[in-house]
Amino acid sequence: MKITKIPVTLAMALVLVGGLTGCDTFLDVNTDPINPVDVPVTLLMPTTQAAMATYLGNSVQGLSQPASAIMQQLVNFRVGSFSLDGTTFNNQWLGLYTSALENNEQVISRATASGAWSYVGIAQIQKAYIFSEMVDMWGDIPYSEALLGLQNPDPKFDDDAAIYADLFRLIDAGITNLKRTDSSRNPSTDDLIYGGNSTKWIRLANTLKLKLYNQVRLTRDVSADVTPLLTADLITEADDFEFRYNTSAASPENRNPGFQGDYVASSRENNVNPYFYDLLKKNTDPRIPYYFFNQYNSTAALSTADYQDGRFVSVRFGSIGPQASANTTNLRTLQGLYPVGGRYDDNRGGTATGASGKGVVAQRFITFFSRKFIEAEVQLTVLNNAAAARVALSDALNAAFNKVNAIAAADGSPTIGKDAVDSYRTAVLTRYDAGSASEKLNIIMTEKYVANFGTGIDVYTDYRRTGFPAVPFADTDNDPQTTQTGAFPVRLPYRLNDLLTNVNAPKTQPNITTEKIFWDR
């Protein structure tokens, strides 16, 4: 696999219009590299961050959208009923290596040469985060030799556990560089995430370490590692690790790419999975009108609906029913305000367009509420402290609702009242108090699953580690009008071109239904 360097001007254009095209012929990482223009780190930094959001995010170009479909939050024809192959994730693999990681590596190299240690530290933490997400998806991947260009055109695929082990070293190196006082220059507005605030980057670094230790807890005892991190300086409610979009609809489009796919694009990219909707409905979740927008403005039965519950219109996972392929473009329920900046559901319905919402909701990576859910899992499963886990769970629920309300307020939509939040939280904690250890973990992971709508990679990772929530897939016995074309994937298939052209790549695809990531249960 020869990693290609994209000129930063071209990379920015690609990112801002939603990334690489759907074809695999424009840019091949196994061709001779394009020589990059000589650009400063002040341009490379935002390019890397925009690419990170694009290719990890909740859109047709990103990994979070297909991961959400795998995890039954969305129904997406690109994932289908698990019909995945070596071409399914070409764009994500290419974009992460060639746009996000290669430009990030240029930041590290150029900033090191000029003594701009703050840039180096930020880039090291970003590198650790991106590679951790890629390992979580693919397992063994090119890492130690991945970003050497023509110096090593056929990088080896490193062991996934070994990569993780080195990521902790990389994060610590980033923290060290951010604490240096002799940096020749420091980022400001060119850092689109934290505006050059080293304190916030260090908080993220500590939080990322806690996240990764939690993810490997089934492979070894991490109690000594997580204990000091629980009292360390971690991200706060004002420090969410996320990439923010704006309202620009002119070329290049710079609204949330998920909004572009489901609102701006008239063909629509996704359906909302009925299981996910039913889960929220069963729990009387007050976030429903923020999560989903119902275009259909009536409760009358539709002859073209594969699945309907009043105004909610969708299609079942793996449906082969008579209406499975019906055109519901302007009837189906869409992702709403919370995940992509779409429309708050005020019960009026209407055909969604690019004018239906602002599309400015950020692509979330690691939030404060995620941090608290991680703490709850760690306290319960690693430190065996159910009481402390309950406190963290309560904090996580409060933070999750605060996030929805912050997005609603910024949009000018109604917010969820305190009584509704308190009622929901009390019901969850009551179930938690009555449950066994396994049931307590199920409650934590289910609430995290709901709160993380729009951050599909971590939802997919959490399920493989814990088995919760107990998501149903195609049930052909109880619903003969559904089918499943493949077993549940425990990892993603590699990009086929890399297997064919990199002499150091695996000779065949791994069995994506049996060959687990090293941290899997």
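The values are calculated or read from the model by the stated rules, or taken from the named source; none is laboratory data. Note that the structure is predicted; figures quoted are calculated from it, not measured. Every residue, glycine among them, receives a Cβ derived from its backbone with ideal geometry; neighbour counts consider all protein chains shown.
From the list V404, V391, V450, the lone residue that is more than 30 Å from V79 (Cβ to Cβ), at pLDDT 95 or above, part of a helix (DSSP H, G or I) and hydrophobic (A, V, I, L, M, F, W, C) is V391.
Candidates in region 320-359 are the residues that are of a type in the set (V, I, T) and in contact with a Phe, Trp or Tyr (Cβ under 6 Å, 6 or more places away or on another chain); of these, the one that is surrounded by the most Cβ atoms within 10 Å (Cβ to Cβ) is V340. Residue-level analysis places G95 among those that are part of a helix (DSSP H, G or I) and either in contact (Cβ under 8 Å) with a residue 60 or more places away in the chain or within 30 Å of A113 (Cβ to Cβ) (or both). Only residues that are of a type in the set (S, T, N, Q), at pLDDT 90 or above and more than 19 Å from I108 (Cβ to Cβ) were counted across region 21-78, and they come to 10. Against the list (1) within 11 Å of N271 (Cα to Cα); (2) of a type outside the set (F, W, Y); (3) surrounded by fewer than 21 Cβ atoms within 10 Å (Cβ to Cβ), the condition S314 fails is (3).
Residues checked against (1) under 19 Å from A111 (Cα atoms); (2) part of a helix (DSSP H, G or I); (3) out of contact with any helix residue (DSSP H, G or I) (no Cβ under 7 Å at 6 or more places or on another chain):
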position: S184; (1), (2), (3): yes, no, no
position: D191; (1), (2), (3): yes, no, no
position: W201; (1), (2), (3): yes, yes, no
position: K209; (1), (2), (3): no, yes, no
position: L218; (1), (2), (3): no, no, no
position: P228; (1), (2), (3): no, yes, yes
position: E237; (1), (2), (3): no, no, no
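The set of residues from region 240-274 being surrounded by fewer than 18 Cβ atoms within 10 Å (Cβ to Cβ) and of a type in the set (F, W, Y) is empty.
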